[in-house]
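Some notes on the structure that comes next.
The values are calculated or read from the model by the stated rules, or taken from the named source; none is laboratory data. None of the values given here were measured: they were computed from a predicted structure. Here the Cβ is made from the backbone with ideal geometry for all residues, glycine too, and neighbour counts use every protein chain on show. These area figures cover heavy atoms from the full protein model, side chains too; ligands, DNA and RNA do not enter into them. Shrake-Rupley method; radii C 1.70, N 1.55, O 1.52, S 1.80 Å.
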Amino acid sequence: GALGSGQRAPVPIAMDPHRGQRDGLPQYKTLRRIQKRFVVRCGEPLENIIPGTGTRPASSVRRIEVEIRRLRTELGQIEQIELLSLATDANNLQKKNQLQELAAQRESIAQRMKELEQQLVDMSVL
């Protein structure tokens, strides 16, 4: 034929099964999404290449602020329930248990709010 003896026909790029492979990985396993519209090809996890969590700092701050707001309203509701139950004159064991439970909930919510506020301070320092 036209190729002479011992020569092989070049494989078209579109048909090359090894095209796009890195380190023996198939092509589909090397694709990673960075943001909504960006896809890159890399052989290792993006956490090793790009430092950070992948979440924009402004988004993280907004999520933490929303969580703090939600906890504040929940804390207000718990305090309202406590005040209403204190206003009634029933001194039974069930009421005391309910007040202890509400106090424990209030304490855990207050602790979580402190943690989130500390995260906000740490993020603003960075």
Could you tell me whether ASN97 is polar (S, T, N, Q), exposed (fewer than 11 other Cβ atoms within 10 Å of the Cβ), more than 36 Å from the chain's Cα centre (by Cα) and at pLDDT 80 or above? yes
Name the residues in the stretch 42-73 that are touching a Ser or Thr at 6+ places or on another chain (Cβ under 7 Å) and at pLDDT 75 or above, would you? CYS42
Within the set of pairs 6 or more residues apart or between chains, which connect a residue that is at negative phi and in a helix (DSSP H, G or I) inside the stretch 64-75 to a residue that is open to solvent by 70 Å² or more (accessible area, probe 1.4 Å) and among the basic types (Lys, Arg) with Cβ atoms less than 7 Å apart? LEU71/ARG112; LEU75/ARG106
